[in-house]
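Student: This is the structure I want to talk about, given as structure tokens.
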Amino acid sequence: MTTTRETPRTPGTGPYAPEHTPRLAWAEHAPEVYRAMVRLDTAARRGLDPKLYELVKIRASQLNHCAFCLDMHTKDALAAGESVERVVQLAAWEESRHFYTEKELAAIELTEAVTVLTDGFVPDEVYARAAAHFAEAELAQLISAIAVINSWNRFAVTTRMVPGHYTPGQHG
């Protein structure tokens, strides 16, 4: 059997759909806000496991349909040593719970509750599961990280930031 190696795909080239263009380079037009977001992001990640932090960012970005942040955080997660399998399964975490620790599951569930807010609040049982796995200071950091990625997602989705060009570690 002969195996052929596929050439790497470059988004927007060849038979692929063209890349969209961003609506606005918001970081250039609101540099103080951008720098404040970077500082907030840096502060929110303190004390959190880097892999857990990336899983939270990926899950929120999946829910918010943020392709730019999905591109960035899946690459950062893989660069941090996360497995492809766990990143791929994250979209269906409820059916593939066995890929994650109870602590990670509590963080992922809290991420969904905070991101979606379907009922207008975070259910007590979801919060209690997270609180059972995280010390109060770490839980405060986790909630901060979830809030920050949701803000990043909203900037990226609204301004149509273009995915596919990020290199791991480029922004942090």
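None of the figures in this text is laboratory data; all of them are computed from the coordinates on show. Note that the structure is a prediction, hence the values are computed from the model and not measured. No Cβ is skipped: glycine too gets one built from the backbone with ideal geometry, and neighbour counts run over all protein chains shown.
Student: Name the residues of the stretch 111-126 whose amide N is less than 19 Å from a point 7 angstrom out from the Cα of Ala80 along the C-beta direction?
Tutor: 111-115
Student: If you don't mind, another one. More than 25 angstrom separation, counting every C-alpha pair in the chain; what % is that? Write down the numbers at each step before the final one.
Tutor: Details: 5272 of 14706 pairs.
When all Cα pairs of the chain are counted, 36 percent exceed 25 Å.
Student: Continuing with this model, one more query. For the charge dipole of the chain, defined by +1 on Lys and Arg C-beta atoms and -1 on Asp and Glu C-beta atoms about the Cα centroid, which residue among Ser96, Pro163, Pro18 has the Cα displaced farthest towards the positive pole?
Tutor: Value: Pro18.
Student: Same structure again: Which residues make up the longest stretch of the chain that has no chymotrypsin sites (Phe, Trp or Tyr not before Pro) in a DSSP loop with at most 12 other Cβ atoms within 10 Å?
Tutor: Working: sites that count: Tyr16, Phe121.
The answer is 17-120.
Student: Would you mind working out the magnitude of the charge dipole of the chain relative to its Cα centre, with +1 at each Lys and Arg C-beta and -1 at each Asp and Glu C-beta, to the nearest 20 Debye?
Tutor: Numbers: 17 positive and 22 negative charges, 124 e Å.
Roughly 600 debye for the chain.
Student: Moving on to the next point. Which GluC sites (Glu not before Pro) in the stretch 85-172 pass both tests, a DSSP loop state and at most 12 other beta-carbon atoms within 10 Å?
Tutor: Here the GluC sites (Glu not before Pro) that fit, given the DSSP loop and packing criteria, are Glu94, Glu95.
Student: For a paramagnetic label modelled at 7 Å from the Cα of Thr21 toward its Cβ, which residues of the stretch 135-172 fall within the zone defined by backbone nitrogen distances under 18 Å?
Tutor: The answer is 158-163, whose backbone nitrogens lie closer than 18 Å to the label point.
Student: Report, to the nearest 10°, how far helix 124-133 tilts away from the longest principal axis of the Cα atoms in the chain, using its own Cα long axis and a range of 0 to 90°.
Tutor: Approximately 90 degrees, to the nearest ten.
Student: Can you compute 3J(HN,Hα) from phi for each residue in the stretch 152-169, using the Karplus curve 6.51 cos²θ - 1.76 cosθ + 1.60 with θ = phi - 60°, rounded to whole Hz and x for Gly and Pro?
Tutor: 4, 4, 5, 5, 5, 5, 5, 8, 6, 4, 8, x, x, 10, 7, 10, x, x
Student: To the nearest 500 deg cm²/dmol, what mean residue ellipticity at 222 nm is calculated for the chain from DSSP H runs of n ≥ 4 alone, each contributing -39,500 (n - 2.57), summed and divided by the residues?
Tutor: Working: 8 runs with 101 residues, N = 172.
Dividing the helical sum by the residues of the chain leaves -18500 deg cm²/dmol.
Student: If you line up the long axis of helix 102-116 against the longest principal axis of the chain, both from Cα atoms, how many degrees apart are they, to the nearest 10?
Tutor: Helix 102-116 and the main axis of the chain meet at about 80 degrees.
Student: Okay, next question. Calculate how steeply helix 31-45 sits against the longest principal axis of the alpha-carbon atoms of the chain, using the helix alpha-carbon long axis, and give the answer as 0 to 90 degrees to the nearest 10.
Tutor: The helix 31-45 is inclined about 60 degrees to the chain.
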